Every structure is written in structure tokens, then in C-alpha cells.
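> Got a structure for you, written out below as C-alpha cells; questions coming shortly.
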Amino acid sequence: MQEFLVDIAEFVLGGGVSVGEGAGLPRQGREQLGCTLMKHAVQWGLPGLATLLVELLMQAPHGEPAASAAFFAQLAHTKPTAAAAAAAATGNGEGGAEGGGLGEEQQGESPLSPEQVGGLLHLALLSPAPGRMLQAVLEWGRLHGGLSFSWRWDERSAMGLTPLCILGRHQQLLQQLMQDPAHGPAVRRAAAAAAAIAAAALEAPELSQQKHGDPGEGLAVMGAAGLQVAVRMEVRGWGG
């Protein structure tokens with residue numbers, strides 16, 4: 001934590017990314033530092049600090065507006081590392097997908113890096129303050145994503161999780177999203193697609209017989225979570 005605070009002070013007091021030549025790290029290095037710090041702030045449920053870091057990152061000149069939107073999209077979405085992908089392929093983290101979260105699975109182990117957890121939606125929903133953190137993240141998308149940007153509720157992390165899976169643990173957040181005219185339709189579409197995967201899995205016995213850690217089992221788990229969300233939507237009258 002001490003190293004994190006030192007890096008925060010260096011980045012924020014140093015003017016973020018927009019600094020002159022010779023001011024510590026070069027621009028690319030400062031941009032990478034800012035992205036890492038921002039994702040850690042999201043992961044730890046610090047919306048105020050994370051928002052400040054996003055604003056500093058987006059203030060840097062990126063050229064045309066489309067380039068700024070593309071930069072934000074890179075920040076927002078899952079970008080798994082080779083090591084994280086290898087861990088997912090061997091079945092590590094599969095229990096996290098089934099349980100809808102990673103906190104209990106990782107107690108006593110080294111904390112996961114933001115890249116292993118997933119994109120900003122994953123980080124926000126698995127943070128200690130999922131409601132406030134998700135609200136901040138969605139607002140960043142509105143402000144910085146551009147007209148063509150959309151959140152990927154069915155986006156898989158290297159650990160096999162989707163934001164839709166994690167939402168199954170947060171009923172109040174799910175209800176709020178379903179009633180949100182901006183985000184409700186996308187969540188419903190993702191839930192319907194996941195429900196279709198679940199239905200296909202139920203009709204394919206060989207999928208349910210896959211050994212633990214197999215990609216087929218991960219798909220079945222995700223589909224079941226989507227079906228669960230879809231059923232809740234219908235029961236509450238949010239479907240359609």
C-alpha cells in the first residue's frame with residue numbers, strides 16, 4: 001500500500017500524463033503507470049481516487065476524439081495476460097466463476113492483478129464497494145466512451161467470469177440496472193444469450209460430463225448464471 005500511495009503522489013502531483021519531456025518517466029511510462037493505478041483503485045473500491053486518475057488519463061492529448069474514445073475502450077475492456085490465460089486454461093479460478101466471485105477463493109493467496117480479474121466492470125463488481133464503484137465506471141463510459149462505445153456484460157475474463165455472472169450476487173444492483181434505460185437493454189441481451197448457452201448445455205449431456213476446469217464446463221457455468229438472471233428478470237416483469 002505504501003508503494004501505491006507513493007506512485008499516486010508521483011502521478012497526481014506530477015500532472016498525470018501531460019508533462020513535459022524530462023519530467024520523470026516518459027509519457028508512455030506515465031500513461032502505463034496511471035492505467036495501473038486507476039485499475040487498482042477500482043479493484044479496491046475507491047471511486048473518488050479512480051475517477052481522478054481517469055480524468056488525468058483522459059486529459060492527455062490523444063489526437064482526434066475517436067482516438068480518445070479508443071483509448072478509453074482499451075482501458076475499459078478485458079485485456080488478459082498470457083499468464084492469466086494459462087491459469088484459466090488449467091482450471092484455476094473456475095471455482096470463482098461458479099461462486100460468482102473471487103474473494104473467498106483467494107484468501108491466503110497472493111492478490112490477483114487487475115488484468116487477471118478482468119475489465120472495469122469485473123473490477124468494479126468484485127470490489128469492496130460494488131454499487132458506488134459500478135456507478136462511477138458507467139459514468140466514465142458515458143463521458144469518455146464516445147457514441148459507439150458499449151459495455152460488454154458478457155465479456156469473459158481470463159478467469160472465466162463475466163460481469164453478468166457476478167451480477168447474480170448483487171440483486172439490488174441487478175434491479176437498478178434492469179430499470180436503467182441506458183444499460184438495461186444491454187444487460188437483458190447478455191442474459192438472453194447466456195440463457196441460450198445454458199439451454200444448449202442442458203440438451204448436451206457431454207457438456208455436463210466435462211472434467212473440472214474444461215472450457216466446456218466454464219461455458220455451462222456461465223450459461224447457468226445467465227439463465228438464472230433471465231429467470232429473475234421474467235419473474236419481476238423486466239424481460240421482453
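> Mind listing whichever residues of the range 126-154 are under 18 Å from Gly184 (Cβ atoms) and charged (D, E, K, R)?
The answer is Glu139, Arg142, Arg152, Asp154.
> Kindly indicate the residue of the range 159-175 that is within 11 Å of the chain's Cα centre (by Cα) and either among the charged types (D, E, K, R) or assigned to a loop (DSSP other than H, G, I, E, B) (or both) and also surrounded by the most Cβ atoms within 10 Å (Cβ to Cβ) among those meeting that condition.
For the range 159-175, the residue satisfying everything is Leu161.
> Follow-up question, since we're still on this one. Working only within the range 3-52, note down all residues that are at pLDDT below 75, assigned to a loop (DSSP other than H, G, I, E, B) and not acidic (Asp, Glu).
Across the range 3-52, the qualifying residues are Gly14, Gly15, Gly16, Val17, Ser18, Val19, Gly20, Gly22, Ala23, Gly24, Leu25, Pro26.
> Could you give every pair whose Cβ atoms fall below 7 Å, whose first residue belongs to the range 41-54 and is within 13 Å of Leu75 (Cα to Cα) and in contact (Cβ under 8 Å) with a residue 60 or more places away in the chain, and whose second residue is in a helix (DSSP H, G or I) and of a type in the set (Val, Ile, Thr), counting only separations of at least 6 or pairs across chains?
Every condition considered, the pairs that remain are Val42/Val137; Ala50/Val42.
> For the range 108-135, name all the residues that are on the phi < 0 side of the Ramachandran plot, of a type in the set (Gly, Ala, Ser) and either outside any helix (DSSP H, G or I) or crowded, with 22+ Cβ neighbours inside 10 Å (or both).
Matches in the range 108-135: Ser110, Ser113, Gly119, Ala124, Ser127, Ala129.
> What number of residues within the range 197-210 are surrounded by 14 or more Cβ atoms within 10 Å (Cβ to Cβ) and either at pLDDT 80 or above or assigned to a loop (DSSP other than H, G, I, E, B) (or both)?
Summing the residues that are surrounded by 14 or more Cβ atoms within 10 Å (Cβ to Cβ) and either at pLDDT 80 or above or assigned to a loop (DSSP other than H, G, I, E, B) (or both) in the range 197-210 gives 1.
> Can you find a residue that is modelled with pLDDT of 95 or more and not in a loop (DSSP other than H, G, I, E, B) anywhere in the range 84-99?
no
> Quick check on Gln74: is it part of a helix (DSSP H, G or I), at pLDDT 80 or above, closer than 21 Å to Ser113 by Cβ and among the polar types (S, T, N, Q)?
Yes; evaluated as a whole, the condition is true for this residue.
The values are calculated or read from the model by the stated rules, or taken from the named source; none is laboratory data. What you are looking at is a predicted structure, and each value in this text was computed from that prediction instead of being measured. For neighbour counting, all protein chains shown are included, and Cβ atoms are generated from backbone atoms with ideal geometry for every residue, glycine included.
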